[in-house]
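> Please read through the structure below; I'll follow up with questions.
Every read-out reported here was derived from the displayed coordinates using simple, explicitly stated rules and does not represent laboratory data. Quick caveat: nothing in here was measured; it's all calculated off a predicted structure. Cβ placement follows ideal geometry from the backbone for every residue including glycine, while neighbour counts extend to all protein chains displayed.
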Amino acid sequence: MTSTNTPLTLGETARPVKPRVVVTGGSGKLGRATVAHLSSSGYEVINFDRVRPKTASEDGKTGLQGAYRLVEVDLTDMGQVLEAMMEIDMAYKSIQAVVHLAAMPSPGQSSSSKQFNTNVASTYNVLEACRKLGITNIVMASSETLIGIPLDIKPAKLPITEESPLLPESAYSLSKLVGETLAEQYVRWSQQTHRTPTGGEAKIISMRFSNVMLEEEYATFAGWQDDARKRYWNCWGYIDARDGAEAIKLAVESRLKGHHAFLIANNNTVMKKSSKDLVQEVFPGVEYSPLNDNPNVTLLSNEKAKKLLGWTPKYDWKP
Ligand SMILES: NC(=O)c1ccc[n+]([C@@H]2O[C@H](COP(=O)([O-])OP(=O)(O)OC[C@H]3O[C@@H](n4cnc5c(N)ncnc54)[C@H](O)[C@@H]3O)[C@@H](O)[C@H]2O)c1
């Protein structure tokens with residue numbers, strides 16, 4: 001991504017001008033890793049969240065995980081989203097890219113309708129604000145749940161890829177499918193000059209993250225090893241937050257145009273038992289063609305992200 005010549009605003013002192021990226025949900029689990037990674041990779045990161053990161057100081061000046069600034073925004077309110085993306089007086093003017101991670105992620109955390117409405121309204125507002133402002137570089141969090149999680153119905157075949165059927169089984173997962181559908185249509189609109197006079201063709205990348213893990217959570221994996229059914233629900237997948245953040249950075253920098261979905265999962269499963277044995281035990285009869293000869297090879301294919309984004313996961317739960 002090239003630097004811009006965004007002018008300094010009142011109150012700013014001279015500083016190196018870096019590409020300015022908004023991360024929504026930058027106070028959350030994946031958001032904190034993403035803010036830190038983009039920031040250390042040379043981006044000026046603005047975190048749009050309705051809460052501060054856990055590490056933030058009372059005055060909000062430190063502990064922002066590397067974010068240049070936190071802007072308290074409720075993404076379900078279009079006025080706030082549009083205004084924050086355009087400019088904040090004395091803080092900044094305009095942004096170049098948006099990484100939209102904010103959502104209510106866990107089923108059971110609220111009423112299903114609140115979760116669905118929050119996630120869908122937030123994604124609509126972010127995409128529509130981007131269209132109005134001519135921002136065409138967008139990366140969004142989708143979810144592995146689209147594969148049919150909790151997989152009580154056996155997958156048709158394994159490994160699961162981006163071409164596998166989309167089978168949302170919860171309000172949360174439905175909200176992610178709606179988000180991807182919106183992305184498809186906003187890309188189409190971006191190709192029409194009457195709708196997008198200022199922008200040009202958009203890139204929207206939907207990242208279907210597997211279960212995001214922090215390094216300190218790897219200690220819990222030992223408790224799953226005695227029973228293949230404890231983690232069958234997502235095909236024993238996971239992704240380290242740091243690898244998720246790197247996939248996001250590569251997506252921001254990608255020259256792809258249009259809407260693209262990627263499964264973002266680690267190279268291996270959360271289990272010591274071989275993937276072949278897990279499939280035989282829990283999904284007997286399901287056609288299975290391993291991606292490679294690693295006995296613990298992932299059942300959520302990450303080949304597309306490797307090929308098109310040049311991504312390689314680096315952090316592994318196994319010592
Ligand atoms: N954690 C996982 O295992 C996982 C797996 C697949 C996909 N995802 C997706 O990745 C993204 C990040 O997940 P996470 O685990 O970091 O979640 P998280 O709950 O830790 O963080 C989400 C953040 O979004 C913010 N937020 C929610 N609604 C908001 C609103 N209306 N306005 C402003 N901010 C709002 C929250 O305050 C929070 O800081 C989500 O979109 C989630 O659906 C997560």
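> Would you work out which of ASN266, LEU291, ILE248 lies farthest towards the positive end of the dipole of the range 243-319, given +1 charges on the beta-carbon of Lys and Arg and -1 on that of Asp and Glu, about the Cα centre?
Value computed over the given set: ILE248.
> Right, next: What's the ranking of 167-178, 260-271 by average number of surrounding C-beta atoms within 10 Å, highest first?
Peptide ranking by packing, descending: 260-271, 167-178.
> Count the net charge of all other residues whose Cβ sits under 13 Å from the Cβ of MET85, scoring Lys and Arg as +1 and Asp and Glu as -1.
That works out to 0.
> So what J values fall out for the range 255-270 if you push phi through Karplus, 6.51 cos²θ - 1.76 cosθ + 1.60 with θ = phi - 60°, rounded to Hz, Gly and Pro as x?
Working through the residues one at a time gives 8, 4, 10, x, 9, 9, 10, 10, 7, 10, 9, 6, 6, 10, 8, 7 Hz.
> Would you kindly work out the equivalent ellipsoid of the range 262-319 from its C-alpha gyration tensor and give its semi-axes, the square roots of five times the eigenvalues, largest first in whole Å?
Output for the range 262-319: semi-axes of 21, 14, 8 Å.
> Continuing with the same structure: Just going by the charge dipole of the range 128-209, with Lys and Arg at +1 and Asp and Glu at -1 on Cβ, which of GLN185, SER206, SER175 is farthest out on the positive end?
Value: GLN185.
> To the nearest whole percent, what portion of all C-alpha pairs in the chain is separated by more than 38 angstrom?
So the portion of pairs separated by more than 38 Å is 14 percent.
> Find out how many positive minus negative residues lie around ARG242, taking Lys and Arg as positive, Asp and Glu as negative, among other residues whose Cβ is under 10 Å from that of ARG242.
-3
> Grab the DSSP H runs of the chain that are 4 residues or longer, score each as -39,500 (n - 2.57), total them, divide by all residues and round the 222 nm result to the nearest 500 deg cm²/dmol.
Computed mean residue ellipticity for the chain: -9000 deg cm²/dmol.
> Related question: Mind checking the dipole of the range 205-302: about its Cα centre, +1 per Lys or Arg Cβ, -1 per Asp or Glu Cβ, Debye to the nearest 20?
Around 320 debye, computed over the range 205-302.
> Report for the chain the percent antiparallel among DSSP-assigned beta bridges with both residues inside it, nearest 5.
Of the beta bridges lying entirely in the chain, close to 10 percent run antiparallel.
> May I ask which residue of ASN117, ILE153, MET140 lies farthest towards the positive end of the charge dipole of the chain, with charges of +1 (Lys, Arg) and -1 (Asp, Glu) on Cβ and the Cα centre as origin?
Value computed over the given set: MET140.
> Spin-label point model (7 Å from Cα, Cβ direction): what's the LYS306 to THR161 distance in nm?
Going by the 7 Å Cα→Cβ label model, 1.3 nm.
> With only Lys, Arg, Asp and Glu charged, each at its Cβ (+1 for the first two, -1 for the last two), find how big the charge dipole of the chain is about the Cα centre; round to the nearest 20 debye.
460
> A further question on this structure: What is the packing order of peptides 188-195, 200-207, taking the mean over residues of other C-beta atoms within 10 Å and listing the highest first?
The packing order, highest mean first, is 200-207, 188-195.
> Points 7 angstrom from Cα along the Cβ direction at ILE153 and SER106: gap in nanometres?
Simple spin-label model gives 2.7 nm for this pair.
> What's the extension gain from LYS318 to SER57 if we count 0.36 nm per residue and subtract their Cα-Cα distance?
Gain on stretching LYS318 to SER57: 90.5 nm.
> While we're here: Measuring from the lowest to the highest alpha carbon on each principal axis, how far does the range 39-138 reach, largest first, in angstroms?
37, 33, 25
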